[in-house]
Each structure stands twice: as C-alpha cells, then as structure tokens.
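What follows is one structure encoded as structure tokens, with my remarks underneath.
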Amino acid sequence: MAGATCTDAQTASLREGEILRGRFVQERYLTGFSKPVVSEGSFALVPGFGMIWQTEKPFAVMTAITANGLVQSVDGAETTRLTSARLPFLPRLYAMLSGALAGDLSALDSEFSVTKTQDGRASRLRLVPKRVDVASAAAIQSMDIHIVHFVESVDILKPGGDRDRLVFKNQVLRKGEPTSAELKALGAHR
Amino acid sequence: MRRFFALLWFCAVLGASLHVGVSVYRGLPLQTDILSLLPSEERDVVVQEAKDRVTQELMQRIVLLVSHEDPQRARLGAALLQDQLTSKKFLQPVSDVPSMERIRALGSAYFPYRTGLLSEDDREQLASGRADSIVTRALSQVYGVSGAVDGRLLARDPFLLFPAFLAALPLPVSKLKLIDGWLTVEEGGKTHVLMTGVLSGASMSLAFQQSFVAEVDQAVASMDDVSVLRLGAIFFAHASASSALRETASLTIISLACTVLLLLLVFRSLRPLILSLLAIGVGMVSALSLCLLWFGEIHVAAQLFGASLIGVAVDYALIYFGQAFGLVANGPSRLRRVFPGLFLGMLTTVIGYGTLALSPFPGLHQVALFSCVGLIAAFLTVVLWFPFLETYRHLSLLSVFVGLGTAIWKFWSLRAFGHARLLAYALILIVAVSGMSRLSVDDDIRHQQSLDAGLMAQQVSIMAIAGLSQSNQFFLVRGRTADEVLRLEERLAERMKAEINAGHLRNFVSIARFAPSIERQDENRTLVRTHLHERLHSYREQIGLESIIDEEARDYLTLDRILSAGALALVPKLILFERDDAAAHIVTLEGVSNVAPLRAIADDIPGISFVDPTADYSSLFSIYRQRALVLILVSACLMYPVLAWRYGFLGGMKVMLPPSVALGLTPACLALLGIPFTFFAAMALVLVLSMGVDYAVFCAEDNGRKDPFILFSVALAMGTALLSFGLLASSVIFAVKSFGLTMAIGLPLAYLLAPAAGNVRVVNRRKEGGV
C-alpha cells in the first residue's frame, strides 16, 4: 500500500466534506510512439465539486474535471475547454475516475459490467462497457482498478489500442474544505 | 315588372343556396391558416422567401421539458412522449440531437479534409503569429489527464487542430448535457430532459392543433408525477384559437340575442324579425356562394368578419320597417319613401367595404367581396321581396322615442338651439384638440395579439432551465455563386466574433462554419504550413511521436460530403437556394440582445441583409396604418360624387361633414381614454365612415320633413351595429378590442351628428321610387 495514511482495513470511500489528495504517475501508451508518454503530478478529489489533476512533469498543466466538462490550463491560461453538452464521454470519464478513486462505482452500474476479484487485502475491479454505444461514448474498452486500501492503480484500455496507466501514491483522506485555488479551478466549470 | 324582378332574384338566391348546399355537403373548403391573412408584401422576394422559410421552421418545432426527481423516470417520460407522438405520426421521425454514431460519421466525413479546416480561434492564433499557444494546447492534451488523446490521431493531426475544429462547430448548444441520447440538465433537485421535435402536420391547421394538443395532454396525464413544460408555436396557436372561438361564440350569442330582443321590443311582432333574418340569410348565402366561386375557398376570418354584416344588412330592413311607424300605409309606398336612402346608403357602404379590397391584407380581399355581395343581396331582398311579404298598415311607436327623435331634429335645425349648437361645436373642438395632442400610436405586432399567460410562463421556464435562446432574427447572405456566399459568411463571422464578445448575441449558425469556402480552406492550409510545420520536429521529439501519416484528400471539402453523415439535420435548411447564377443562405442567430450593431454589420457588407421579421411586421403595421387613413380619404372621395349628384356640390359636402367630424373625433376620444391608435382602429374608421355616411344620407333623404321615425330607424340601425361591432371592445385580443372600441365610439358620434345633414335638400329626384 503506497503511502496511504488511512488505517481502516476496508476499502476507503469518500464522504461529503472529505477530500482525497495524492500523487499520481500517468503512463500513456500511444500507437506510433516509441516510448510511453510519462507525466506525474498531484491530484485532489473533492466530492460534490470535481477533480483537479495538476501535472507537474515534464509539462505543467492543470486539468479540472467536473460533471459539466473539462478545462485545461497552462500557467493560469486556459488551453482547452470541453463541455459535457458537446462531448458525451466527459460525464462518464468523470464518473469513472471519481468513482474509482472514491470507491463508489454504483453510478456506472447501468452502463458497465463490474467484475471483482479478491486477493487477500487487495481487490481488482474490471469495468467493461455493456453496450457498443457506451464503449464508443466513454472511449474505453475496459478499465482495471487495483485497490488495496485506496486505489493503487488504474489501467484504461482504449478502442484504438492506446492505453493509459495511472499509478497513485501518498494518498491522504481528510475532512476539510477545498482551497480557494481548488475552488476557483473547479468553479470555472461548474 | 316588380314581380318579375322579385322572381328573378328568387331564382338567383335559389341557385346560390343550391351551390352553397352542395359545397357544404362536399365539405366547405375552409382556409384557416392565419399566415395567409398577414400581408405578404415585401419588396424583396428573396427576403420574403427567407422569412417564410425561417418562420415556417420555427413554427413547426416543439420543445417539451420533462422533469422528475429521478433521472431515469424523467428520461423514461421523455422517451414515452417521443414514442407516442412519433408512432401516431404527430412528429417527424427526426431529431435535432445527432446520435453518437452520426457524430462519429460526421467526424469521419470531415477527417480527410482536416488541413483545410481550422476553428476560428486557431485561425486567429496562427494568423496573429501565436502558433506557440497551439503547441502548448497540444502538449497540455498529451500530458494532461483526459480521454481525448489518441495515438492514431496524433500521427495524422499532431497539433490536434481537428478536434478543436469539431468542438467549435455550431451544433445546437445550451446548458444541457447529452446523457443516454437525451439532452439533460439537473437543477433544483430535479432532472430535466429536453424532448425536441418537428411537427408532421401544419401547426396553423386547427384540426392538427386540436388532435396534437389532445395527444400531448393525454400522454402527459398518463405519466403520474412527471411534470412537462411546453414550448412551440402550435401550443400558442391552439390556445389563441380556442380562446378566440370561445370569445366569438359568446359574442355572437350575446349580439344575436340582444338584436332579436331589441327588434321584438320595438316592433312587438315576429314578422320584422323574421324578414330581417331573411335579408341577412340571403346576404350571407349569396356572399358565400360568390366567394367560393371567385376564390375557390373561404377563410374563416372572412366568414367571421363578414358575419358582422348582421349589423349592417339589418339596417335596410330596419329603415324599411321604421316607415311602418309613420303614416305610410302599405309596403310599396314605404319602399318608395325609403328607396333613395337605402340605395345611396347601400352604394356608399359598398364603396366603404369595397375599399377594404385595396388593403394589403389578403384576407381582407375576401372580406371585401363577401361584404359587398352580402350587402347588395340584402338590399335586393329588402327592395324586391319585402313589399310582397309584409302587410302592415301601421305600427305604433312609444311616445318617448318619438319625442326623443323630434328633440334631436330640433337641436340641429331650430334657431332657438343656436347657442346650444355653438356649445356643442366648442365641445367638439375641445375634445378634438385635447385628444389629438395626446394621440399615441402603437404598431408593435407583439401588442396586437394576446398570448396565453400560462404558456408564456412555461416558455420562460424552459428557456431559463435549458438555456435556449432561439431568435427569429437572421442574416440573409446573397452572392453570384455558393462559394461567394460562403466567403461573405466568413467576413460576417469575423465581425460577429466582436459582437459575441460584447454580449450582443450568444452564437450564430452559418453554412461556412460547417463547410468553409475554397479560399478559406486554402488559407488554412497555408497558415498551418507556414506557422506550424517549422515547430513539428521539436514537438515530435518532445512527445516521442515517431512518424507522421499524410493521407489527407487533395481536393476541397464541400457541404454535400458532410451532409451524408446525417448529423446536421438543420444545416441544409440554411440554404435558401443555390443556382448557376445566384445563391442565398440564411445565417441564424441565438440569444440576440442588441440588434443595432447587427444591422450595422449588414449595412457595411454588400450582399448581407439583416432580417428582423417582428420589427418588419411592426413597421409594416405602421405603414399600413397610414395607408388605412389614405384608404378613408379614397373612400370619401369615391362616395362624394354620388352624394354631389343627389344633393348638389354643397349639399354633398354637408352630408359628408357629420361622418367626417365623427371620424376625426373618434381617435381623439380614444386618446383621451388613454388608448393608442392602431392599424386596426384605422380599419374600423373605414367602416365608421361608410356607416356614418349611411346615417347622414337617411337624414338628408328626410328632405326637411323632420320625421322622428327616420331618426328612430337610424338609431335602431346604429344600435344593432353597436351590438355586432361595439361588443368586440370587450375582446381580450388587443387588435380586436381596438377595432371594437373605435366602432363603439365612432358609431354613436356619427349618429348624433347625422341629423345635421337634415338641412340638405335633394336636387336630383329621378331615382326616387325607382323600383
């Protein structure tokens, strides 16, 4: 269990008023690329608000994802803004990522079949879209989540053969309010 | 000879009745389209065509907002509504919201032409030398967390310009998200699902309105606690038609009942009533028959307005029977006494109604023919049949009415009332001056109709919840070729960006935003080559992209190539026409809050016109209000020669004077009551003039006898006219109310002033007793 501070033996799940923070490493395996595109940074999941991914290396970019869409910014300047009204996969992406990290995947039950395998304290969840249209909308073929206490890693396989691997560490679950910077980032897309 | 003409007229009426009977049996060809009543006068036929297209497009659309606390139930409700309305063929099986498959097909159709396609923002960045920001965006997408990056795409579009172009396409946007194929918004603890549709029948057809709204009502009632808000022209049209029909029914019953009661009270006999109804019936049947022969159909509005003939056609019967109160002992003598007045009255009224044919409203042409034929037929019935059908020797009139009639005569003729008359003139002058100084006009089309308050509230709610802001204003772009039109649209788009930033509108949809002009596609390719190719090497090294695949089409994107994807249902409707020598497109607007800068853009760029149908209709009402006043002048000029022939040059003027004064005083009185003058009030003045001239003619035909029975007959005529027209003053529709109020004020004024024409003497008596 990489750096988790929560001592609860059960899988952690987020409640209103709690914030999950941690570090992540993203390895992106893309067709036509000699090596994976690796990036790392910190994240914050604020229930009821959204998620903030602050990529620090090798290129600093902040991605704020809410149910309403996605905003990326570099040095405080917005580079990309995608709304859920235009891209239907965004609410699913948000539901998947936040659901996986928060330990609550019930929102995905209707569209994904979830298989769980237990190995001692660790469990593995496999999400597969139930229908072709869902796979197409969510832009994923499958999603594997490895959980010990917190989510340790997420592997996302995409339709064209690309895949993303997200590894999490130093996760801390605490009660508290989001910082004003976090609120500002998430508020931009509420 | 009289019997021969009476028989001839009987044959004609029989023929008309048979014709109408057969037509009714086969199904009366009723026209109910309200639009056909509106003026189609637009000097520019292309603008008119574009207006018709946009209006038709807006009128055929409906929006239902289905809400429930449970998202599944809200979506299920929307699905049930859509299934029910589509399976019963009320809605066309098309949707504004393209499916995921269609959006993907659209992306595939665009993809080969990608280097010619740039979003407006990217184009601006490249053109202004800020290519680095595009590289930064691409890096942020490659390294940032999101599902949009694809290795195959990066190899073909390394700077991710294509997704940016797709994201900037003006597809229908709002506050709504697409969930399970439904546009959805969550607000106030509820899930709201938007169901849009295109009607399969005409939204202005009364029959379609009724069955469609009944189906929606039934479907909504079957879904327990799901709330459904409605938006669409058909719902407003149905509500207006229902309230108009209810109002028409109640006004007709009140008008008829009061008229019958009045006649029974006055004549204390059924025969004048039955014969009056006969004259009206013959008038209606003849008018209907000729209208069907002439136009091939009849508009319900012409029928309703024409039904107001009840108030005028009955005048002839009343003037005729009014003589039974006097000393004239039999029918033929009574006819001889009133014939000149009836004939002149009929002639001037027909001239008055006939001038309606000069109005710009197509529906009024039918009203004009319907009314003129009806009036002539009623007149012929009175003069040809009545002397054979009534055998009164003498009827007695209550002494109070005799006294009143005599008093009014005396007021206008006796020297003793000279001061009182002066006082009346002064009063008229004061009312005229103070009224005219307060006169205001209202030509705004939105004020002339009454929209259902409940539906208005639902419209406001839907627009607030869903963030919809459809606008009926648009740009019309014209050029010699389709590509020239696209280039003009691109110039327009550059100007519109500033207006969007300034908050003057929210968005716009043009063909060029989906399929740029050839020139623009060339420019885009050059911009990408010039500003991004030099950065490609270092960018590829930075992210580790090994190779670039160049497989794009060498020719240009055209609209046809992307329409086949089926994701752009609304786009083809923006093409007004594309011919060998000319093309015209429509550019629709969303969320317009300030039209002045938009008009200015159109003024600056030749080939682009800004069209604002509501403002255009309002300015048309202004023009037509002025024309209606000219119509009154024309009407008076046409009447005067008839009067001058009968009463002499000066006498004719004296007969024209009382109705003219009533005509001038009526708008002044309206102004004193705080009611603005409208086109519909001006149209009512046309009728005040023709009826007022009637009253003055009947008084002039008295030829100095000061017969109180004539004045009583005219009072009866005025009373029945008030019951038909004046009651319209109680209408909830402002246009109708304005018409009714004008009549309710103008007719009594015309009546009170008419005896002033009693001093005129007949100079040409050849027509007297001419039957």
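The values are calculated or read from the model by the stated rules, or taken from the named source; none is laboratory data. Not measured: the values here are computed from a predicted model. Every residue, glycine among them, receives a Cβ derived from its backbone with ideal geometry; neighbour counts consider all protein chains shown.
When B:S203 is tested against (1) under 25 Å from B:V571 (Cα atoms); (2) more than 14 Å from chain A (Cβ to nearest Cβ); (3) modelled with pLDDT of 80 or more, just one condition goes unmet, and that condition is (3). Where strands (runs of 3 or more DSSP E) fall wholly inside the stretch A:81-170, no range has 3 or more residues that are facing chain B (nearest Cβ under 8 Å), at pLDDT 85 or above and surrounded by 16 or more Cβ atoms within 10 Å (Cβ to Cβ). Scanning the stretch B:697-706 for residues that are in contact with a helix residue (DSSP H, G or I) (Cβ under 8 Å, 6 or more places away or on another chain) and at pLDDT below 85 returns B:D702, B:G704, B:K706.
Scanning the stretch B:110-127 for residues that are crowded, with 18+ Cβ neighbours inside 10 Å and more than 14 Å from every other protein chain (Cβ to nearest Cβ) turns up B:Y110, B:Y113, B:R114, B:T115, B:G116, B:L117, B:L118, B:R123, B:L126. Anything in the stretch A:25-35 that is of a type outside the set (S, T, Y) and at the interface with chain B (Cβ under 8 Å from one of its Cβ atoms)? List them, or say none. Of everything in the stretch A:25-35, those that are of a type outside the set (S, T, Y) and at the interface with chain B (Cβ under 8 Å from one of its Cβ atoms) turn out to be A:Q26, A:R28, A:L30, A:G32, A:F33, A:K35.
Here B:V732 meets each of (1) outside any helix (DSSP H, G or I); (2) under 21 Å from B:T259 (Cα atoms) with one exception, condition (2). There is at least one residue in the stretch B:522-529 that is surrounded by fewer than 19 Cβ atoms within 10 Å (Cβ to Cβ), of a type in the set (D, E, K, R) and modelled with pLDDT under 90.
Checking each residue in the stretch B:44-63 for being not in a helix (DSSP H, G or I) and not aliphatic (A, V, I, L, M) picks out B:D44, B:Q60, B:R61.
Scanning the stretch B:209-232 for residues that are hydrophobic (A, V, I, L, M, F, W, C) and without any contact (Cβ under 8 Å) to a residue 12 or more places away in the chain, we see that the one that is surrounded by the fewest Cβ atoms within 10 Å (Cβ to Cβ) is B:A221. For the stretch B:537-586, a residue qualifies if it is within 14 Å of chain A (Cβ to nearest Cβ) and either assigned to a loop (DSSP other than H, G, I, E, B) or of a type in the set (A, V, I, L, M, F, W, C) (or both), and the qualifying residues are B:I543, B:G544, B:L545, B:E546, B:S547, B:I548, B:I549, B:D550, B:E551, B:A567. Meeting the requirement of 1 or more residues that are in contact with a strand residue (DSSP E or B) (Cβ under 7 Å, 6 or more places away or on another chain) and either on the phi < 0 side of the Ramachandran plot or at pLDDT below 80 (or both), the helices (runs of 4 or more DSSP H) wholly within the stretch B:290-381 are B:300-306. When B:L397, B:L384 are checked against the criterion of being assigned to a helix (DSSP H, G or I), crowded, with 17+ Cβ neighbours inside 10 Å and touching a residue at least 40 places away in the same chain (Cβ under 8 Å), B:L384 stands alone in meeting it.
Yes or no: the stretch A:18-37 includes at least one residue that is at pLDDT below 80 and buried (at least 16 other Cβ atoms within 10 Å of the Cβ). Checked against the condition, which is being at pLDDT below 80 and buried (at least 16 other Cβ atoms within 10 Å of the Cβ), the stretch A:18-37 yields no hits at all. Could you please tell me which pairs satisfy a Cβ distance under 6 Å, a separation of 6+ or placement on different chains, a first residue in the stretch A:166-188 that is closer than 26 Å to A:V148 by Cβ, and a second residue that is surrounded by 14 or more Cβ atoms within 10 Å (Cβ to Cβ) and of a type in the set (K, R)? As it stands, the answer is A:K169/A:R23; A:N170/A:R23; A:V172/A:R21, since those pairs meet every condition given. So B:A453 passes all but one of these: (1) modelled with pLDDT of 80 or more; (2) surrounded by fewer than 17 Cβ atoms within 10 Å (Cβ to Cβ); (3) of a type in the set (A, V, I, L, M). Which condition number does it fail? Here B:A453 meets the rest and fails (1). Just so you know, in the stretch A:42-51 the residues that are assigned to a strand (DSSP E or B) and more than 10 Å from chain B (Cβ to nearest Cβ) include one that is farthest from A:F150 (Cα to Cα), and it is A:G50. The set of residues from the stretch B:153-179 being within 8 Å of chain A (Cβ to nearest Cβ) and at pLDDT below 85 comprises B:A167, B:L171, B:V173, B:S174, B:K175, B:L176, B:K177, B:L178, B:I179.
Yes/no per residue for (1) surrounded by fewer than 20 Cβ atoms within 10 Å (Cβ to Cβ); (2) under 30 Å from B:D702 (Cβ atoms); (3) charged (D, E, K, R); (4) out of contact with any strand residue (DSSP E or B) (no Cβ under 8 Å at 6 or more places or on another chain):
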| site | (1), (2), (3), (4) |
| --- | --- |
| B:R579 | yes, no, yes, yes |
| B:A600 | yes, no, no, yes |
| B:Q626 | yes, no, no, yes |
| B:A636 | no, yes, no, yes |
| B:L643 | no, yes, no, yes |
| B:V655 | no, yes, no, yes |
| B:V661 | yes, yes, no, yes |
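Scanning the stretch B:108-131 for residues that are in a helix (DSSP H, G or I) and more than 14 Å from B:E523 (Cα to Cα) yields a count of 7.
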